[in-house]
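Peer 1: I am attaching a structure below and will ask some questions about it afterwards.
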Amino acid sequence: MRTRIIGTGRAVPDTVLTNADFERMVDTSDEWITTRTGIKERRIANGEQALSDFAIPAAEQALEMAGVDGSDVDLVICATVTADTVFPATSTQIQHAIGAGTAAAFDISAACTGFIYGLGIADSMIRGGTATTAVVVGGEVLSKITDYTERATAVLFGDGAGAAVLRASPEEDHGLLSVALHSDGSLGKLIYRPGGGSRHPINSADSDHSLTYLRMRGNETFKIAVRSLAEVSDEVLTACGIGHSEVRWFIPHQANRRIIDAVGQRLEIPDGHTYINVDRYGNTSAASIPIALDELNRDGKIARGDIVLVSAFGSGLTWGAGVMRW
Ligand code: UT7
């Protein structure tokens, strides 16, 4: 028995922030952003919008594609670091909105790797018999924790959510074939948000508001990202005996075009088989892989039998990958 993705969905804000907009906000240029990151524009939530405003429609779309009623869902996982509230979990809002009875629901915090952690957990629960039908959402509203006066991070991030419906399938050779998940907390301060948790609670007049912004040491992160993404992708392919040349779609975390190209080259993924949308969305953290997956799937570009490789890297540090035969 294998776990299969039987539906996907996505939702992003309407507002587009272009590189030209950033040229008016901070000391940067379209040329710098494009050559260093590959990003041209990103979607940004408005003042009232929160994660569930994107996570719920993404989940609903995925259910519709799957032809599954919300009442049949018994597991809802939401991967995010920008939940609507610190608690309760945004997954419970999704559970309620889709009418998922009293399904188990929890959020997971694995930053950009969150959706792959969600896939791995859902796969284990389905195959272990604790769930039958799962909705896994990866979503972020990183604009709410981005300092728009700080050019090194401001230009990188975007908002949105993607979702997948997972269900057990009796076919041994189709579905999720292998998942690998890793972390290294010694590198936790390469990408982090210092404030808003119990270390630096933001609840008094003398709180340092700047602590609530995301911080990243980009250059150091870059090198580790390339190495980790290549290694973990190789790990999952080796685990199920699939050659790199057999990969029909490689969907890496969309953080930076240069990282994606470097990893694709190391893995020797055939030309045209790596999916890239970082130019249109920027880095949407946990949302990046499910948004990309839905774009491919909804456009009919993934055929039954195709090998799909997903891999991600992010704060924690965390990294992971999954390989499936569609
Ligand atoms: O999603 C989680 C994982 N995250 C990642 O994987 C991100 C990995 N890192 C990256 O993508 C890249 O490191 C960045 C895109 C963040 C930065 O690119 P870089 O080539 O590593 O640039 P850098 O940080 O080494 O900065 C080079 C120069 C610096 O100026 P000096 O010191 O050489 O004078 C920066 O101050 O570029 C400057 N700079 C900018 N210039 C114009 C930094 N940000 C900007 C900007 N516009 N927005």
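Taken together, the values in this text are just the output of simple stated rules run on the coordinates, not laboratory data. Computed from a predicted model, the values in this text were never measured in an experiment. With ideal geometry, Cβ positions are generated from the backbone for all residues, glycine too; neighbour counts draw on all protein chains shown.
Peer 1: Given LYS40/LYS223; LYS144/LYS223; LYS189/LYS223, which pairs have Cα atoms separated by over 25 Å?
Peer 2: Beyond 25 Å: LYS144/LYS223.
Peer 1: Of the peptides 63-71, 23-31, how do they stack up when ordered by the mean number of other Cβ atoms within 10 Å, highest first?
Peer 2: Listed from highest to lowest mean packing, they are 63-71, 23-31.
Peer 1: In addition: Determine the percent antiparallel among the DSSP beta bridges restricted to the chain, to the nearest 5.
Peer 2: Counting only bridges with both partners in the chain, antiparallel ones make up about 70 percent.
Peer 1: Still on this structure: Using the basic label-point model (7 angstrom from Cα toward the beta carbon), what is the SER245 to GLU171 distance in nanometres?
Peer 2: 2.5
Peer 1: Pull out the extension gain between ASP14 and SER124, defined as 0.36 nm times the separation in residues minus the alpha carbon to alpha carbon distance; nm, one decimal.
Peer 2: Answer, rounded to one decimal: 36.1 nm.
Peer 1: Work out how far the C-alpha atoms of the stretch 176-325 reach from end to end along every principal axis, then list the three figures in whole Å, largest first.
Peer 2: Extents along the principal axes: 57, 31, 26 Å.
Peer 1: State the answer as a single residue: which of SER207, TYR192, THR221 lies farthest towards the positive end of the charge dipole of the stretch 174-268, with beta carbon charges of +1 for Lys and Arg and -1 for Asp and Glu, about the Cα centre.
Peer 2: Highest projection toward the positive end goes to SER207.
Peer 1: Show me the trypsin sites (Lys or Arg not before Pro) within the stretch 266-311 that DSSP assigns to loop and that have at most 10 other Cβ atoms within 10 Å of their Cβ.
Peer 2: Answer by residue number: ARG304.
Peer 1: OK, next. How far apart, in nanometres, would the label points at ASP206 and LYS223 be if each is projected 7 angstrom from Cα along the Cα-to-Cβ direction?
Peer 2: So the label points at ASP206 and LYS223 sit 4.0 nm apart.
Peer 1: If you filter the stretch 148-189 for trypsin sites (Lys or Arg not before Pro), then keep DSSP loop positions with at most 16 other Cβ within 10 Å, what is left?
Peer 2: The qualifying sites are LYS189.
Peer 1: Additional query: Is the shape of the chain rounded, prolate or oblate, going by the alpha carbon gyration tensor and its root eigenvalues a ≥ b ≥ c, with a/c under 1.5 for rounded and a/b larger than b/c for prolate?
Peer 2: oblate
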